[in-house]
Amino acid sequence: MSSMSIPNDKKIAVVTGASSGIGKATAAALAQEGWHVVVAARRKDKIEAVARETGGTAIELDVTSQESVDALASQLDRVDLLVNNAGGAKGMESVKDADLEDWQWMYDVNVLGTVRMTRALLDKLIAAEGHVINIGSMAAFTAYAGGAGYNAAKFGEGALTRVLRLEHVGDPVRVTQIDPGRVETDFSLVRFKGDQEKADAVYADKLNLSAADVAEAIRWAAAQPKHVNIDRIHIMPRDQA
Ligand code: NAP
């Protein structure tokens, strides 16, 4: 944990995948609104930098490890908001050429990572009249050639989000899914395993969302009155549909 300890007079948000992209921008947007943000991801140097910039607390987290998730949960007495943002895609092979290791990684991070985190923090979230915001994707409702592994994972994450919402109707907890279209982040660099040229081509000569655009949707959903549940937000750049 970074030197900044967790205060007991502020609302606490846990943002997974907060070392870059949408998660990093979300930490900044929430901090500006008075949240204390637990900045969680695997890359220690990056989460510590984000925590310094946002006045938050960095906690190393690998959502594919139950031990790591439990270690984070054990450090928190109270949680008002959980943003399950850690995730991503690997590869764009056709189904015929599917790389099952990539598929397994995508399922583990996007689906099981979300379940591990939610399961570990749900009692605390309910006790705080809290909120779970899961970052889905356009790929959670639109199939595309080469997207099967990521589609399967994000459709799966979407299913668990809807089930969670249904299972807790009547409990003091809100559940939201935010589905971005094309956002210019390290997402494509990860998908293409470090091939910068391929990653750049995804965003070149196009209107793209910025990570801050998506962070604003997250901040807004969290800022609604406690009786208002934003079920789902689809957010795209203007020239994508
Ligand atoms: P990004 O910049 O690559 O960020 C991904 C984040 O996930 C990083 O902070 C990474 O941190 C974290 N992460 C990956 N594996 C992890 C693990 N095992 N444990 C903990 N953290 C892990 O990409 P992004 O675009 O911001 O992606 C954020 C979310 O938005 C993802 O769920 C992605 O699927 C979704 N999304 C992105 C787009 C887009 O076009 N960019 C569109 C729709 C949805 P570490 O490597 O430090 O662990």
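Among the residues of region 21-43, is any touching a Phe, Trp or Tyr at 6+ places or on another chain (Cβ under 8 Å) and buried (at least 16 other Cβ atoms within 10 Å of the Cβ)? Yes - at least one qualifying residue is present in region 21-43. Could you give every pair whose Cβ atoms fall below 6 Å, whose first residue belongs to region 51-69 and is without any contact (Cβ under 8 Å) to a residue 40 or more places away in the chain, and whose second residue is assigned to a helix (DSSP H, G or I), counting only separations of at least 6 or pairs across chains? As it stands, the answer is 54/27; 54/28; 54/31; 60/44; 62/68, since those pairs meet every condition given.
Checking residue 66 against (1) polar (S, T, N, Q); (2) closer than 25 Å to residue 182 by Cβ; (3) within 13 Å of the ligand (Cβ to nearest atom), which test does it fail? All conditions pass for residue 66, except number (2).
The set of residues in region 189-213 being of a type in the set (Gly, Ala, Ser) and under 17 Å from residue 18 (Cα atoms) consists of 210, 211, 212. A residue that is within 12 Å of the ligand (Cβ to nearest atom) and over 23 Å from residue 235 (Cα atoms) occurs nowhere in region 153-175. Among the residues of region 124-147, are any farther than 24 Å from residue 72 by Cα, open to solvent by less than 20 Å² (accessible area, probe 1.4 Å), free of Cβ contacts under 8 Å to residues at least 40 places away in the same chain and of a type in the set (S, T, N, Q)? No: region 124-147 contains no residue that is farther than 24 Å from residue 72 by Cα, open to solvent by less than 20 Å² (accessible area, probe 1.4 Å), free of Cβ contacts under 8 Å to residues at least 40 places away in the same chain and of a type in the set (S, T, N, Q).
When region 197-241 is filtered for residues that are within 22 Å of residue 158 (Cβ to Cβ) and small (Gly, Ala, Ser), the ones remaining, listed by number, are 211, 215, 217, 221, 222, 241. Which of the residues that make up region 15-32 are closer than 13 Å to residue 219 by Cα and either hydrophobic (A, V, I, L, M, F, W, C) or modelled with pLDDT under 95 (or both)? Answer for region 15-32, where residues must be closer than 13 Å to residue 219 by Cα and either hydrophobic (A, V, I, L, M, F, W, C) or modelled with pLDDT under 95 (or both): 15, 22, 25, 27, 28, 29, 30, 31.
Yes/no per residue for (1) more than 14 Å from the ligand (Cβ to nearest atom); (2) at pLDDT 95 or above; (3) surrounded by 12 or more Cβ atoms within 10 Å (Cβ to Cβ):
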| position | (1), (2), (3) |
| --- | --- |
| 187 | no, yes, yes |
| 193 | no, yes, no |
| 213 | no, yes, yes |
| 220 | yes, yes, yes |
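Kindly evaluate residue 39 against the criterion of being touching a residue at least 60 places away in the same chain (Cβ under 8 Å) and within 16 Å of the ligand (Cβ to nearest atom). No: the conditions fail for residue 39.
What tally of residues in region 121-152 results from selecting those that are within 16 Å of the ligand (Cβ to nearest atom), closer than 26 Å to residue 71 by Cβ and among the small types (Gly, Ala, Ser)? Working first, answer last.
In the first step, residues of region 121-152 are kept if they are within 16 Å of the ligand (Cβ to nearest atom); the result is 121, 132-144, 146-152.
Filter once more, keeping what is closer than 26 Å to residue 71 by Cβ: 121, 132-135.
Pick out the ones that are also among the small types (Gly, Ala, Ser) and you get none.
Counting residues in region 121-152 that are within 16 Å of the ligand (Cβ to nearest atom), closer than 26 Å to residue 71 by Cβ and among the small types (Gly, Ala, Ser) gives 0.
Within region 80-105, being open to solvent by 40 Å² or more (accessible area, probe 1.4 Å), among the hydrophobic types (A, V, I, L, M, F, W, C) and either away from the ligand (no atom under 16 Å from the Cβ) or at positive phi (or both) holds for 95, 100.
The values are calculated or read from the model by the stated rules, or taken from the named source; none is laboratory data. Remember, it's a predicted structure, so these values are computed and weren't measured experimentally. Because the Cβ atoms are built from the backbone with ideal geometry, glycine has one as well, and the counts that use them run over all protein chains shown. Protein only, heavy atoms only, side chains kept; ligands, DNA and RNA dropped before computing areas. Shrake-Rupley method; radii C 1.70, N 1.55, O 1.52, S 1.80 Å.
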